[in-house]
1. Of the conditions (1) in contact (Cβ under 8 Å) with a residue 12 or more places away in the chain; (2) open to solvent by 10 Å² or more (accessible area, probe 1.4 Å), B:E268 satisfies every one except a single condition; which number is it?
2. So A:K229 ticks every box in (1) open to solvent by 10 Å² or more (accessible area, probe 1.4 Å); (2) in contact with a Pro (Cβ under 9 Å, 6 or more places away or on another chain); (3) modelled with pLDDT under 85 but one. Which box is left unticked?
3. Which of the residues that make up region A:71-99 are among the aliphatic types (A, V, I, L, M), touching a Gly at 6+ places or on another chain (Cβ under 8 Å) and crowded, with 22+ Cβ neighbours inside 10 Å?
4. Filter region A:184-197 for residues that are over 19 Å from B:P261 (Cβ atoms) and more than 8 Å from chain B (Cβ to nearest Cβ) and give the result.
5. Name the one entry in B:H91, B:H110, B:H36 that is more than 14 Å from every other protein chain (Cβ to nearest Cβ), away from ligand 4 (no atom under 16 Å from the Cβ) and at pLDDT 95 or above.
6. Just name the residue that is nearest to ligand 1 (Cβ to nearest atom) out of those in region A:1-50 that are in a loop (DSSP other than H, G, I, E, B), under 21 Å from A:H163 (Cα atoms) and out of contact with any strand residue (DSSP E or B) (no Cβ under 8 Å at 6 or more places or on another chain).
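The values are calculated or read from the model by the stated rules, or taken from the named source; none is laboratory data. Keep in mind the model is a prediction, meaning the values are calculated, not measured. Cβ sites come from the backbone with ideal geometry, for glycine too, and all protein chains shown count toward neighbours. Side chains included, ligands, DNA and RNA excluded: accessible areas come from the protein's heavy atoms. Shrake-Rupley method; radii C 1.70, N 1.55, O 1.52, S 1.80 Å.
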Amino acid sequence: MAPKPCALCTVNPAAIVRPKDRSALCKPCFFNVFETEIHHTITSTNLFARGERIAIGASGGKDSTVLASVLKTLNERYDYGVELILLSIDEGIKGYRDDSLETVKRNAKEYGMELTILGYKELYGWTMDQVVEQVGKKGNCTYCGVFRRQALDRGAAKLGVKHVVTGHNADDVAETVLMNLLRGDLPRLSRTTSIVTSTPSSVASSSPTDPASHTNIKRSKPLKYAYEKEIVLYALHKNLTYFSTECIYSPEAFRGSARALIKNLERVRPSAILDVVRSGEDMAKLCPGSDEGCGGACGSSTSAIPMAEEEEGGCGSSNGRNAGSEMANMDRQLAQNEAAVENELEVEITFHGRDGTQQKIKKQPKKIKGQAAASVPRKAVTKQVMGKCKKCGYLSSQEVCKACTLLEGLNKNRPKNHIEVGYDAEPENHVRDLAGQVKGLEVGSG
Amino acid sequence: MAWRCTLHLRNHLNALITHFHLQPRFTFHNKMPGKHVDQALEQPCRRCKDVSAVLVVRSEPLCRECFFKYVHTKAIKRLESFRVRNANPNHQRTLLLPLSFGVSSVSLLHILDRQLKTQMSKTGRTGFAIHVVHIQIPGDESIITVDELLSKAKEAYPDFKYTSLALHDVFRLTSDATLNDLCPKTNHSETASPPEKLAALINSLTSATARADVLSTLSTRLTVEHAKTSGCEGILWGDTTTKLAEKTLSETAKGRGFSLPWQISDGESPHGVTFNYPMRDVLKKELVSYVDLVGSPVSDLICEPSAIRQASMSSKNTTIDDLMSKYFEEVETNFPSIVSNVVRTTGKLEAVSAPASAPRCDLCSMPVSDGRFGIHGWGGDQQESAERIAIASGPQLCYGCSRSIPQPSK
Ligand SMILES: [Zn+2]
Ligand SMILES: [Zn+2]
Ligand SMILES: [Zn+2]
Ligand SMILES: [Zn+2]
């Protein structure tokens, strides 16, 4: 029996069933379609500017490896005229990054791209090993997560690069949409659907004279519409070297739950991943106070919050909690809110949201003390006001960004030789943050 | 080691999770009304403190009467604007209740009957009148049972006016011809009867998800059309919190995020009648207990194909709606407040104000205010624009409906 011919060229035998639409294609046609779609994403959103220097956030994993390979191909084929470099972050955990950094080094050589590896040590003055030594194993997830979120931007600033691209794919975006519906977070839902997640408009005004400022870094995800399965197929058939690690920890419960749903949806209807992304973009426009023109559907739209403050996919947000506690905590918290409303015994208390913004919510006081609150019983969707961290200049919803707050705590307790004078923070709050209890509730004085 | 979890490692594709992530370790069995009797019996009702509780509702042990009051109050609170004092004595307000013989619509029927009787006994008149409509969907093999159920309902609640419609009536009742244009053309298209049209349309669809989607969309349209032609100012949908949460996620998954505010909010709909969801604050599992405890006549009117549905979960016939209903069944058991929060959150989405002249989808009739019909012309669309122009002449379908009824592109 002769194999089926490729649906596109009708000449070669089909070798790949496209996960996106189940069409049967030959290898060259699959490569071509996959690359052309990413080209389409880049051009239709005016993502790149000629002469731009762009850092690819490279972890050695499949997404960033495929991103680097495809961008190199497209830059040559369509003459984007951009300079691509690789930027890797080394957390400073002995032995941990060895394999993946080797992978990145090999890729750099293969693609002829400049590679910079920046360690937490250079960026923050601390390696993760040193952090663990200082704070113990319990709270260090918070540090690594917060540091990692800013690391690419800080690294790019060090290199004088204004644009960082990451390997987030359609599955990641779809997952984030469902996750934020499940935890009731519309602002985050609308932000994470944009393809570009910084404010180019503020670039010019914020600090044109300081090339090292990392508030000006544009973040984007050219693989936003690419299916994870197709990324894997592309890497496989192109024989790309990537380092695949399975995270040994379960992702936080909401993300895990959303991820499982996405996988099931994909089996029932392959277009569902793309359809969720589309819904997310459309819903972003319906969010109260939304000023997003098109949720990323056109090139001009960007989100006002740096992606580095978001949890954007991956397993990097479990904070050492067990997977169930996050949903259980939120459920309990919401139930208390409901009961409080029912009983009309409402007392205003101050709620420290997961993003650090303070919000007033109504709550019954007695049960709440000392209890970890779940993320988001928000009465109304609050619009966050972004300012700059007064220590490092990073875009932050608080006066001092999370990384600086954590660093301050670390530096304060650094044995003898190195003492930094802190600004007038309230240590109690930060200690709570350090302990990974960012979501603690306190009964306010008012 | 614990800190590894924050390193940015992506799951390899091989680690595809094929089942739901909600593991038994976070179950709280004591919150399930279904398992009420054993635990609740020992304690007194927390509200009246008089009788012993028969079940635990949102961690409150309640007796039978207090539980009924709890359910009734939640529903009636949603109908504030239909109180007697708001009624114009010269003009009876009429509302349409679509009755599917599921737990929710039957419970709502019962509660409304009680409410109208209460109004009558207190004031000598009622705030509104109810028309009941049942829509027969092809594939429900139990038409005989339906007739039986309808006559039982009339007997138990004789104050309402009842109508039974077949889904294909939608081709007869809808005023615009566009719906007919969606049916595949055959030799005798011109003379095809409504049942033939419906069968041709459904048979042309290639997936279970598409068939279920089109059937329920048509059913909504027929309900709306019937409401208008029978002089009802609004529709009282039976959807529970759980159902609305399911709808939120499944419509999101079907690419209808744009129309969510119109699909799950109380008030003015884009269809010219109001949509009301009196059961929106009651969980599905609570209504199941309610039906259990009320017993006859409510329980005699229930005909839900839930058991059959479950059996086919892993098969090719699974639909996106099935997937979401299975999912929220689990979430509701373990984290009921998260279910309510999904609905509350979606309720904050602001509907685009759509002028009557806004272009509408030929199938679901939702306004597509930016005129972005079809699956093309957005960031996730990788086709070139030539195709888009070719389509402009055919039926105009919103993104979600285009996924269910793909249009030939050339
Ligand atoms: Zn081919
Ligand atoms: Zn800072
Ligand atoms: Zn009682
Ligand atoms: Zn539609």
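1. Unmet condition: (1).
2. The single condition A:K229 does not satisfy is (3).
3. Within region A:71-99, A:L87, A:I89 qualify.
4. Let us first name the residues in region A:184-197 that are over 19 Å from B:P261 (Cβ atoms), namely A:191-192, A:194-197.
Within region A:184-197, A:R191, A:T192, A:S194, A:V196, A:T197 meet the criteria.
5. On the way: B:H91 fails: at pLDDT 95 or above; B:H36 fails: at pLDDT 95 or above.
Only one candidate qualifies: B:H110.
6. Step by step, filter region A:1-50, then rank; the result is A:N46.
For (1) touching a residue at least 12 places away in the same chain (Cβ under 8 Å); (2) open to solvent by 10 Å² or more (accessible area, probe 1.4 Å); (3) in contact with a His (Cβ under 6 Å, 6 or more places away or on another chain); (4) over 25 Å from A:R183 (Cβ atoms), each residue gets a yes or a no:
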position	(1), (2), (3), (4)
B:E196	no, yes, no, yes
B:S204	yes, yes, no, yes
B:L218	yes, no, no, yes
B:E233	yes, yes, no, yes
B:T240	yes, no, no, no
B:E246	yes, yes, no, no
B:V273	yes, no, no, yes
B:K285	yes, yes, no, no
B:Y290	yes, no, no, yes
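Per-residue answers, yes or no, for (1) polar (S, T, N, Q); (2) touching a helix residue (DSSP H, G or I) at 6+ places or on another chain (Cβ under 7 Å):
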position: B:S52; (1), (2): yes, no
position: B:L55; (1), (2): no, yes
position: B:P61; (1), (2): no, yes
position: B:E65; (1), (2): no, no
position: B:V71; (1), (2): no, yes
position: B:K77; (1), (2): no, no
position: B:V84; (1), (2): no, yes
position: B:P89; (1), (2): no, no
